[in-house]
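Each reported figure results from applying straightforward, stated rules to the coordinates on display, with no laboratory input. This is a predicted model, so every value here is computed, not measured. All Cβ positions, glycine included, derive from the backbone under ideal geometry; neighbour counts span all protein chains shown.
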Amino acid sequence: MKRILALTFLFVTTVAHAEWTKVQVTDHGKYGTSTDYIDLDSMMKLPNDSFQVWVLYSHDKPQKVYLENGKETQSLSLMSLMKYDCKKQTASPLRGKSYSERMGKGNLVETFDFTKEDMGGLNNAIEPNTVHMAVWKKYCK
């Protein structure tokens, strides 16, 4: 039991103290801007010329979040584990967490899994002028 608690504490501490590397600032129009980061320490090479990495979107304005129970709340940051396929030029969200404060701080608002089609689907083509295009250009060689 002590080993499980120690491993859980290590995981939570590691995620909470990630070293975020700034990628870009993205203008979302009426929704404000987000400063977008990746955690290079979380980057993991995968088969078939792909990799996964945590991406952090830290917003300047609160963003609406719709909870599973139908209620609406707000968050100022979103962390998303993304899978990038270098050959297909796709970015696939795997899971995410939204937080009440910027930079993945404050209260955890919601956690979600993107494996269902209704949650964003998989293998989304990377659009120009996005954090995903910037990550793809830099790390897919």
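A few notes on this one:
- A simple spin-label model places the labels of LYS105 and MET43 2.6 nm from each other, with each point 7 Å out along Cα-to-Cβ.
- Counting every C-alpha pair in the stretch 30-95, the share spaced more than 16 angstrom apart comes to 57%.
- Integer Hz, Karplus 6.51/-1.76/1.60 couplings in order for the stretch 93-106, x for Gly and Pro: x, 9, 7, x, 9, 10, 10, 6, 10, 5, 6, x, 10, x
- Checking the Cα-Cα distances for LYS64/LYS137; LYS64/LYS138; LYS105/LYS137; LYS22/LYS45; LYS30/LYS87 against a 24 Å cut-off, the pairs over it are LYS64/LYS137; LYS64/LYS138; LYS105/LYS137; LYS30/LYS87.
- Loop sites in the stretch 17-79: trypsin sites (Lys or Arg not before Pro), DSSP, at most 11 other Cβ within 10 Å: LYS71
- Here's how it looks for ARG95: its modeled amide H is under 5 Å from those of LEU81, PHE114, which are all 5 or more places away or on a different chain.
- Shape analysis of the stretch 20-139 yields a ratio of the Cα radius of gyration to the Kirkwood radius, Rg/Rh, of 0.95.
- What the phi angles of the stretch 66-80 give under the Karplus curve with 6.51, -1.76 and 1.60, with θ = phi - 60°, is a coupling list of 9, 7, 4, 7, x, 7, 10, 9, 9, 9, 10, 8, 9, 10, 9 Hz, glycine and proline written as x.
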